[in-house]
Amino acid sequence: MAKTLKNLALALINATLMLIALCLFLAWQLAIKADDITENIAGSLTVITPVKDRLEATQAELAGLRADLAAVKAETGDEAGEAMGELKTRIDALYAKLGEVEAAIAGIKTSPEAMIDQAVTSTAVQVRQGIADFRGCTPAT
């Protein structure tokens, strides 16, 4: 009887140690994923700055084109008024689109919560898939 209780206690300790080892391994994998997410977000934010600078340069160039169109229109009078009007409309549309893109980039840069939420969601999906693969199961699709 004592030997049976001793073997049962050893099995319990062995199982507990195995569970602790598994938990430590999973925590280690989670820490690696968190580091990857942090590096990815930091890299994304550093990429956004040059894009924003290029957008500002493009907006300045469009403003210059608009001024050039106004100067050409003033020189030629109303001879090419219809073509100038179409060009001005297209430049205004491009200027509006650039403004929208710049606003979106500024929103990401000032509050990167949306990017963090996306990163956490995609990581959760990857972890769930990894656990399912680890168990030998495949998710129903």
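Of A106, A9, A31, which is farthest on the positive side of the dipole of the chain, counting Cα position, with +1 on Lys and Arg Cβ, -1 on Asp and Glu Cβ, and the Cα centre as origin? Towards the positive end, the residue furthest out is A9. Projecting the Cα atoms of M18, T46, A74 onto the dipole axis of the stretch 2-135, where Lys and Arg carry +1 and Asp and Glu carry -1 at the beta carbon, places M18 farthest toward the positive end.
The sum of -39500 (n - 2.57) across all DSSP H runs of n ≥ 4, divided by the residue count of the chain, sets its helix-only mean residue ellipticity at 222 nm to -33500 deg cm²/dmol. Each label point was placed 7 Å from the Cα along the Cα-to-Cβ direction; for L19 and D35 their separation is 2.9 nm. Here the dipole of the stretch 2-135 is about 1420 debye; that uses its Cα centre as origin and unit charges on the Cβ of Lys and Arg (positive) and Asp and Glu (negative). When volume of the Cα convex hull per residue in Å³ is calculated for this entry, the matching label among (i) 194; (ii) 134; (iii) 113 is (ii).
Values in this text are rule-based calculations from the coordinates and carry no lab data. Because the structure is a prediction, the values reported are computed rather than measured. Here Cβ is always computed from backbone atoms with ideal geometry, including for glycine, and neighbour counts include all displayed protein chains.
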